[in-house]
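Since every read-out is calculated from the coordinates, none of them should be taken as a lab result. Because the structure is predicted, anything quoted here is derived from the model rather than measured. Ideal geometry is used to build each Cβ from the backbone, glycine not excepted, and the neighbour counts take in all protein chains shown.
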Amino acid sequence: MYTIVTPEGDRDLHLEYNLSRVEGEFAKVRTRKLGRKQKTTSQEHLVLCMFAAAMFSRTKAYAKHQSGQWQKALDLAEKMQAAMDKSTPEERKRMSAALLSPHTKNEKSLSMEEVREIVEKPIQSMLSANVVQTAPLLFKKPYLILEAPIGNSFITSDNPCVWFDPADYQNPRPFGAGGLISPTLEITLPLSPKQMLFFGGKLIVSGLYLPAENEMVANLNKRTRLFSDEFFVSNNSKVKSSWL
């Protein structure tokens with residue numbers, strides 16, 4: 001899913017290499033700091049944010065969602081192009097004037113080929129930009145490392161980084177609900193069976209290790225399972241009803 005093929009047919013692996021570097025740096029932080037419950041440096045904090053941003057943007061579920069969203073834009077563009085092709089020069093001039101406002105004339109736009117590339121290869125087209133844009137915003141959010149109690153553990157899935165915002169279900173839906181600007185957005189990412197990264201705008205402390213009670217672990221595991229795409233993963237063969 002991460003290999004880019006050049007027009008000459010060569011394999012461009014820079015995206016895979018960058019993902020490998022992020023994973024490697026994260027593994028160091030998890031071993032040296034998180035596993036020992038030690039305070040992270042700013043650089044290590046940024047590594048966690050980059051890892052979370054990558055895990056959110058690199059899954060099949062994310063790719064399917066983005067491909068579907070951009071397909072709608074492509075369908076609309078193709079209909080407009082078909083209408084332009086059938087119109088007279090005067091009609092095309094009027095249509096162009098209606099589509100371009102004074103506020104958008106100087107803005108860079110995507111060509112239909114670029115949009116088609118996103119539809120066909122959403123991860124290759126968007127992953128790097130998503131990590132670069134999302135990680136600094138996550139860096140500004142308070143975060144905790146939740147720890148599962150003895151005898152309990154966090155599950156993970158094929159879509160492990162969950163963005164959950166209760167404001168998404170309000171009527172009317174507040175502006176920005178579900179996005180990084182929302183104060184009620186919660187972002188969770190299981191880091192191991194014993195630890196989960198938790199971002200929350202309402203947290204009053206940041207960077208601490210917090211013991212999670214069994215009920216909290218059950219609720220977070222249910223959230224992880226609900227947002228999974230095809231499967232979830234547990235270090236225990238027993239499936240708990242609370243996850244379902």
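Looking at the range 1-88, which GluC sites (Glu not before Pro) are in a loop (DSSP not H, G, I, E or B) and have at most 16 other Cβ atoms within 10 Å? Write down the numbers at each step before the final one.
Values: sites: Glu8, Glu16, Glu23, Glu25, Glu44, Glu78; in loops: Glu8.
Here the GluC sites (Glu not before Pro) that fit, given the DSSP loop and packing criteria, are Glu8.
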Amide H proximity to Asp165 below 5 Å, modelled H, separation 5+ or other chain, gives Glu186
Within the set Ala61, Ala52, Ala73, GNM on the chain using Cα springs under 10 Å gives the largest fluctuation to Ala73
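Quick check: residue separation of Thr41 and Gln170 times 0.36 nm, minus the Cα distance between them. What number comes out in nm? Before the final figure, lay out the partial values.
Working: separation 129, 0.36 × 129 = 46.44 nm, distance 3.74 nm.
Using 0.36 nm per residue and subtracting the Cα-Cα distance, I get 42.7 nm.
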Residues whose modelled amide H sits under 5 Å from the amide H of Leu191, counting only those 5 or more places away in sequence or on another chain, are Met196, Leu197
Given trypsin sites (Lys or Arg not before Pro), DSSP loops and at most 12 other Cβ atoms within 10 Å, the longest exposed-site-free stretch of the chain is 40-104
Taking placed amide H atoms and a strict 5 Å upper bound, the residues 5 or more places from Ser157 or on another chain that come that close are Val233
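For the pair Leu110 and Arg21, what calculated FRET efficiency results from E = 1/(1 + (r/R0)^6), where r is the Cβ-Cβ distance and R0 = 35 Å, to the nearest 0.05? Working shown, then result.
Numbers: r = 28 Å, r/R0 = 0.81.
Efficiency computed from Cβ-Cβ geometry: 0.80.
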Over the chain, the sum of -39500 (n - 2.57) across DSSP H runs of at least four, divided by residue number and rounded to 500 deg cm²/dmol, gives at 222 nm -15500 deg cm²/dmol
Of all DSSP beta bridges having both residues in the chain, the percent classed as antiparallel (nearest 5) is 80
Longest principal axis of the chain (C-alpha) makes with the long axis of helix 122-139 (C-alpha) an angle, in degrees to the nearest 10, of 50
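Return the subset of Lys28/Lys141; Lys28/Lys240; Lys64/Lys194 for which the Cα-Cα distance in this structure is over 24 Å, preserving the input order. Can you show the working numbers first?
Details: Lys28/Lys141 22 Å; Lys28/Lys240 32 Å; Lys64/Lys194 30 Å.
Those over the limit are Lys28/Lys240; Lys64/Lys194.
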Projected onto the charge dipole of the range 1-135 (unit charges on the beta-carbon of Lys, Arg, Asp and Glu, signs +1, +1, -1, -1), the Cα from Ala27, Thr88, Met55 with the largest positive-side position is that of Ala27
The extension gain from Leu203 to Lys222, computed as 0.36 nm times the residue separation minus the Cα-Cα distance, is 4.7 nm
In order over the range 239-244: 3J(HN,Hα) from phi, Karplus 6.51/-1.76/1.60, θ = phi - 60°, whole Hz, x for each Gly or Pro, gives 8, 8, 4, 5, 6, 9
GNM on the chain, Cα springs under 10 Å; top mean-square fluctuation among Thr88, Thr184, Thr156 goes to Thr88
Contour minus Cα-Cα span, Lys86 to Ser192, at 0.36 nm per residue, comes to 32.4 nm
GNM of the chain, Cα pairs under 10 angstrom: of Ser206, Ser111, Ser67, the biggest fluctuation goes to Ser111
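Take the Cβ-Cβ distance between Asn214 and Ala73 as r, set R0 to 45 Å, and report the resulting FRET efficiency rounded to the nearest 0.05.
On the way: r = 45 Å, r/R0 = 1.00.
So, using R0 = 45 Å, E works out to roughly 0.50.
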Karplus ³J(HN,Hα) for the range 160-168 (6.51 cos²θ - 1.76 cosθ + 1.60, θ = phi - 60°; Hz, whole; x = Gly/Pro) runs x, 8, 9, 9, 10, 9, x, 5, 4
Any GluC sites (Glu not before Pro) in the range 203-236 that lie in a DSSP loop and have at most 10 other Cβ atoms within 10 Å would be Glu230
Of all C-alpha pairs within the chain, those more than 29 angstrom apart amount in percent to 41
For Ser241 and Ser96, extending 7 Å from Cα along the Cα-Cβ vector and measuring point to point gives, in nm, a value of 6.7
HN-Hα couplings for the range 26-34 via Karplus (6.51, -1.76, 1.60; θ = phi - 60°), in whole Hz with x for Gly/Pro, come out as 5, 4, 5, 5, 5, 6, 7, 10, 5
